[in-house]
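Quick notes on the structure that follows.
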Amino acid sequence: MEKIKKNSLIRLSKSCIGNEEKNAVLQVLDREYLGMGNDVLKFENQLTSFFNREALCVVNGTAALHLALQACGVGPGDEVLVPSLTYVASFQAISATGAKPVACDVSIDTFTIDIKDLKQRITNKSKVIMPVHFSGGVGDLDEVYSIAKENNLRVVEDAAHAFGTIYNGTKIGSKGDIVCFSFDGIKNITSGEGGAIVTSDKEVLNKVKDARLLGVKNDTQKRYKGSRSWAFEVDEQGWRYHMSNIMAAIGIEQLKKFTSIASSRKHLAKLYDSCLKNSSKIYTLKHDYNCVLPHIYVIRVIGLRNREKLREMLLLRGVETGIHYQPNHYLNFYKIEGSNLFNTNQISHELISLPLHPEITDKEIKYICNCLLESLEKSADSIF
Ligand SMILES: *Cc1c(COP(=O)(O)O)cnc(C)c1O
């Protein structure tokens, strides 16, 4: 089957799937065992080697965050500190436990949780800090951990963007309290949908193993031995959050391609940086792309007033763009009055995400940057 190229629209993001993934899925279908079994075990083992400590797979990144929080004992009456500038998944995972997400500001330089703001929002109800590794960068993660230590808080890293990022010389996920990843269709690697929880905490690992299978005790171990629990016990609230063999088969093939996926994303982000560095109107994240593996390429257009106009102009020239993110404290369900998120309020209207996925070409990046710079110049009156 030929790949469908929507008449030369440069897509913001997309899954990059080859014959390897297709064949792997067909093999699972042929074996006629689609649920959680050997393929999931194999993918988990490969992730465990990748991170050099135990990884558990679940149905998506949101479920990973939800289970991580539940395993820390987070529930009603507790507070979880999280930047407002994140996907609603982070917030939903927190409110799913009954806890309250406390929206924090972001640093104007890194778009990750602002350390000063974080400190002043800690109360005696705080239980967990959930830093979000925006676009693959982790900000001052060391500082987050030292604040957590001082205040006796746990850290659940939302590393949905940061699969493959290196921090302090090691992979994100290989260190830290509890680290959650997403393998949804457009993330750094995909398993269709999917997620993972990585930690050294044995108690958390054991809780997650049961909780992802409706709380059925030891069901993970039984499934991996090819047997099923007919008589079982349940001690806790669980969820149907396990990964399927179909998903794992895709993930295994993606992991084989990791090196090339990573170098392509890094290369494209560097190219964006060099094409945009001379514009005084554009702020780009100061990432070292030898270490940061970017999931999205977000720019801040300083002083932008009419983002939709700019996005429309780019779309007319075949460039799809996105918004990461509409802050969560603007949403009805999480609305917070007078929350004083100064940086978030200032920059969130100025953020635009440019196309980034491994199949974009250098030529396309240069074209996108030209379109952007021309639009900013020629239509300054209508967008600033
Ligand atoms: C993708 C994403 C998630 C959730 O992952 P899903 O697999 O889509 O559930 C959580 N947080 C952030 C920042 C994300 O981008």
TODO: Starting from the range 27-39, take each residue that is within 20 Å of Gln221 (Cβ to Cβ) and of a type in the set (Gly, Ala, Ser) and list its partners that are open to solvent by less than 100 Å² (accessible area, probe 1.4 Å) and part of a loop (DSSP other than H, G, I, E, B), counting only C-beta distances under 7 angstrom and pairs at least six apart or across chains.
DONE: Gly35/Ser244
Task: Filtered residues of the range 91-126 (kept if under 12 Å from Tyr334 (Cα atoms) and within 16 Å of the ligand (Cβ to nearest atom)) - done: Phe91, Gln92, Ile94, Ser95, Pro101, Ala103
TODO: Would you mind telling me which numbered condition in (1) within 12 Å of the ligand (Cβ to nearest atom); (2) open to solvent by 10 Å² or more (accessible area, probe 1.4 Å) Phe50 fails?
DONE: (1)
Task: Flag if Glu20 is open to solvent by 40 Å² or more (accessible area, probe 1.4 Å), at pLDDT 95 or above and at negative phi - done: yes
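Considering each residue of the range 166-181, count those that are more than 10 Å from the ligand (Cβ to nearest atom) and either aliphatic (A, V, I, L, M) or open to solvent by less than 10 Å² (accessible area, probe 1.4 Å) (or both), and give that number.
Number of matching residues: 5.
Tell me, which strands (runs of 3 or more DSSP E) wholly within the range 238-355 include 3 or more residues that are more than 16 Å from the ligand (Cβ to nearest atom) and open to solvent by less than 50 Å² (accessible area, probe 1.4 Å)? Give the steps one after another, and end with the answer.
Values: elements: 282-284, 297-301, 351-354.
Once the strands (runs of 3 or more DSSP E) in the range 238-355 are filtered for at least 3 residues that are more than 16 Å from the ligand (Cβ to nearest atom) and open to solvent by less than 50 Å² (accessible area, probe 1.4 Å), what remains is 282-284, 297-301.
To keep it simple, each residue is scored yes or no on (1) in contact with a Ser or Thr (Cβ under 9 Å, 6 or more places away or on another chain); (2) modelled with pLDDT of 95 or more; (3) outside the structural domain of Met313 (by TED's automatic domain parsing); (4) surrounded by fewer than 15 Cβ atoms within 10 Å (Cβ to Cβ).
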| residue | (1), (2), (3), (4) |
| --- | --- |
| Lys3 | no, no, yes, yes |
| Leu29 | no, yes, yes, yes |
| Met36 | yes, yes, yes, no |
| Asp39 | yes, yes, yes, no |
Open item on the list: Out of the residues in the range 313-338 meeting the condition of being out of contact with any Cys (no Cβ under 6 Å at 6 or more places or on another chain) and among the charged types (D, E, K, R), tell me which one is nearest to Ile368 (Cα to Cα).
Closed with: Glu320
Task: Filter result (of a type outside the set (Val, Ile, Thr), assigned to a strand (DSSP E or B) and within 15 Å of Thr62 (Cα to Cα)) within the range 159-181 - done: Cys180, Phe181
Task: Subset of the range 69-78 that is surrounded by 21 or more Cβ atoms within 10 Å (Cβ to Cβ) and within 16 Å of Ser126 (Cβ to Cβ) - its residue that is nearest to the chain's Cα centre (by Cα) - done: Leu69
TODO: Kindly provide the set of residues from the range 124-165 that are farther than 15 Å from Cys104 by Cβ, open to solvent by less than 20 Å² (accessible area, probe 1.4 Å) and either in contact with a Gly (Cβ under 9 Å, 6 or more places away or on another chain) or among the aromatic types (Phe, Trp, Tyr) (or both), ordered by number.
DONE: Gly136, Ala159, Ala160, His161, Ala162, Phe163, Gly164, Thr165
TODO: From (1) within 12 Å of the ligand (Cβ to nearest atom); (2) over 18 Å from Leu285 (Cβ atoms); (3) part of a loop (DSSP other than H, G, I, E, B), pick out the condition that doesn't hold for Val156.
DONE: (3)
- [ ] For residues that are surrounded by fewer than 20 Cβ atoms within 10 Å (Cβ to Cβ) and either closer than 29 Å to Thr259 by Cβ or under 12 Å from the mean Cα position of the chain (by Cα) (or both), tally how many sit in the range 194-209.
- [x] 2
- [ ] Please state which of the following conditions Asp184 fails to meet, knowing it meets all the rest: (1) within 12 Å of the ligand (Cβ to nearest atom); (2) part of a helix (DSSP H, G or I); (3) not hydroxyl-bearing (Ser, Thr, Tyr).
- [x] (2)
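The values are calculated or read from the model by the stated rules, or taken from the named source; none is laboratory data. These figures come from a predicted structure and were not determined experimentally. Heads up, the Cβs are rebuilt from the backbone with ideal geometry, glycines too, and the neighbour counts pull from every protein chain shown. All accessible areas refer to the heavy atoms of the entire protein, side chains included, with ligands and DNA or RNA removed. Shrake-Rupley method; radii C 1.70, N 1.55, O 1.52, S 1.80 Å.
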